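What follows is a single structure, written as structure tokens, with notes after it.
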Amino acid sequence: TSLSWWAHNVGRWSESNRTEIADLLFDVVKGLGLNVIRYNSGGQDDPSHDHMRVGGDIPSFRPLEDQPYDWSADPYQRAMLDLAIARGANILEAFSCSPPYWMTVSGCSAGAEDASRDNLKPTYYEAYADYLVDIVQHFRKAWGIEFDTLAPFNEPLTHYWKKDKPQQGCHYEVETQQKILRLLGKKLTDRGLRTRLSAADETCTEHCVLSFGKYADDVKDLVYQINTHTYNYSWDRRGPRHLADLHGKRLHMSEICFASRVGEEGHNHEAIDGSLEQAASITRDLREMRPEAWVFWQPVENEQYCIWWKFNYGLIHADVMDGTEKWEFTKKYYGFAQYTRFIRPGHRMIGVEADDTIAFVDDRAGRLVIVTYNQGAESRERSYDLGAFSSTGAKAEVHRTSPGESLKLLPAVEIEHRRLGATESARSITTYVVPGINYRGPSLPQIQWLNDTATGPGENRMEYEGNWEYNNQQSGAFVSDNHWSPNTGDVCRIYFHGAGIKLYAAK
């Protein structure tokens, strides 16, 4: 998860209350066991402005150009970072939504006056790169915290980062992104830092493919990890996986959250709707995109905002405006726990046919974890074939979240003749834990994604004969490009090595 913006609020709570929230999010026994943390490096706004949402006014370690660094700034977000690390968080990323306001064209860290324009002044490209690397270096030297990756942009191609809006943001054209990444890559190397670059944290997979696809080869080489968000218009989740495989990159689904409004009332802690929406997103992302990490945006939401605007963002709703430090679980918290409590780092994903289901093997403990969701209004009968396992335990542990249950431990289910049969209730998320398993099969079916530009020599390529046309900015197409021909007799030959082939195309 990220620390924006909730940590800037909860970090100032009493020690006992902020410790309790840390347990609920980062402790694997008491809470969710989240281990990937994104720290907001702070794009402080002009102090005379008063338009940021509560918690959105993340301070800068360098408040003005002519002032020295103030490393005592941002104590609250740092407090929650320390608590997360103490509970096992071990994959750390520094990210930035906006440069500090004094580096911007508009003088506002919420964005430009024209949201389609870059808001970082070209004269400050170098200063911005220095600022981000200075933070990474100080955290390592002064506090012993080493960031694995540094993400300098957040949804840079979108057109909604506008001056005087309620949160920090900055538009960057692809050419600007490349200039900054080159500066950052050199500075990290020159200072001997092991932190590597991630980009571009676009709002959807289409933007991810578009921006990374336009990077020059030297910039692609600088990017260690492709980050993408998967907001609701992301239909091509295979594109980022293809790019990651093609260029040898790690891939993170680095942000998602859900408003999860429920009918007229909108806001409802007990509604299962958001949990099911969240489960569908997790399942589709993991099945189609196969990222190395899946990252929730903001787990603790402002209860007052949720009431006013009738939504169910977040996993926990808390009073961050009236000073009571009260909080309540939402059903989404328990729905998320159905995954995070049982699928842990080091587990490997294996194939399962049902689109609403994922399965992981814990080789060390000899366990199989299956998580499935049922969005239907009726219960269903399911039978999971465990014939691929040379051995299994006699019973499966079962946990369920539904309209009337919150991560409830149910009676164990018998496994007979290598089959796990169960009734899955309506509108529910169910986790099965099968002990005593022995599995030596593949983690996932091996898939080679072959884009229509793979025309080089050897196996796994395409060969065009005739007068084919080409567009490299085709909206909605795989990796945003498309070959086509209207001419009878034109041929595309596909050479591949494997057991089968599927062709995805537009007709």
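The values are calculated or read from the model by the stated rules, or taken from the named source; none is laboratory data. These figures come from a predicted structure and were not determined experimentally. Glycine gets a Cβ as well: all are built from the backbone with ideal geometry, and neighbour counts include every protein chain shown. Side chains included, ligands, DNA and RNA excluded: accessible areas come from the protein's heavy atoms. Shrake-Rupley method; radii C 1.70, N 1.55, O 1.52, S 1.80 Å.
Think of the chain as a dipole: +1 on every Lys or Arg Cβ, -1 on every Asp or Glu Cβ, centred on the Cα centre; then among Ala337, Tyr128, Gly266, Ala337 lies furthest on the positive end.
With point charges of +1 on the Cβ of Lys and Arg and -1 on the Cβ of Asp and Glu, referenced to the Cα centre of the stretch 1-81, which listed residue (Ser16, Tyr39, Phe26) lies farthest in the positive direction of the dipole? Sorting the options by dipole projection puts first Phe26. Against the compact-protein benchmark of 2.2 N^0.38 Å, the Cα-based radius of gyration of the stretch 261-405 scales to 1.19. The stretch 37-83 and the stretch 330-364 have their alpha-carbon centroids 35 Å apart.
Sorting Glu378, Glu353, Glu325 on solvent-accessible area from highest to lowest, probe radius 1.4 Å, gives Glu353, Glu378, Glu325.
If you sort the three axes of the alpha carbon gyration tensor as a ≥ b ≥ c, you get a/c of 1.5 or more for the stretch 422-477 and a/b no higher than b/c, which makes it oblate.
The residues of the chain present an accessible area of 44 Å² per residue when probed at 1.4 Å with all protein chains retained. Residue ranges 431-438, 278-285 sort as 278-285, 431-438 when ordered by packing (mean number of other C-beta atoms within 10 Å per residue, highest first). Looking at the square roots a ≥ b ≥ c of the eigenvalues of the Cα gyration tensor of the stretch 149-243, which shape do they give, rounded for a/c under 1.5, prolate if a/b is larger than b/c, or oblate? Oblate. Surface composition of the stretch 191-263: carbon and sulfur atoms hold 49% of the protein heavy-atom accessible area at a 1.4 Å probe. In terms of the mean number of neighbouring beta-carbon atoms within 10 Å, the peptides 137-147, 209-219 order highest first as 209-219, 137-147.
Counting only protein heavy atoms and using a 1.4 Å probe, what share of the accessible area of the stretch 418-506 belongs to carbon plus sulfur, as a whole percent? The nonpolar share, carbon plus sulfur, comes to 48 percent. A protection proxy built from the mean count of other Cβ atoms within 10 Å ranks the segments 239-250, 386-397, 288-299, most packed first, as 288-299, 239-250, 386-397. Remark: relative contact order (the stretch 252-366) = 28 percent; criterion is Cα-Cα distance under 8 angstrom and separation of 6 or more residues. When DSSP beta bridges are restricted to pairs lying wholly in the chain, around 65% turn out antiparallel.
On the stretch 1-115, 48 percent of the accessible area sits on carbon and sulfur atoms, based on a 1.4 Å probe. Note: relative contact order over the stretch 319-476, using C-alpha pairs below 8 Å and six or more positions apart, is 24 percent.
Rounded to whole numbers, the Karplus 3J(HN,Hα) couplings from phi for the stretch 131-144 are 4, 5, 6, 4, 5, 4, 5, 5, 4, 6, 6, 8, 10, x Hz, using 6.51 cos²θ - 1.76 cosθ + 1.60 with θ = phi - 60°, and x at Gly and Pro.
In this Cβ point-charge picture (+1 for Lys and Arg, -1 for Asp and Glu), the chain has a dipole of about 1380 debye about its Cα centre.
Relative contact order for the stretch 152-305: 18 percent, from Cα pairs under 8 Å spaced at least 6 residues apart, divided by residue count.
Think of the chain as having a plus end and a minus end, set by charges on the Cβ of Lys, Arg, Asp and Glu; of Phe147, Gln67, Trp308, Phe147 sits farthest toward the positive end of this dipole.
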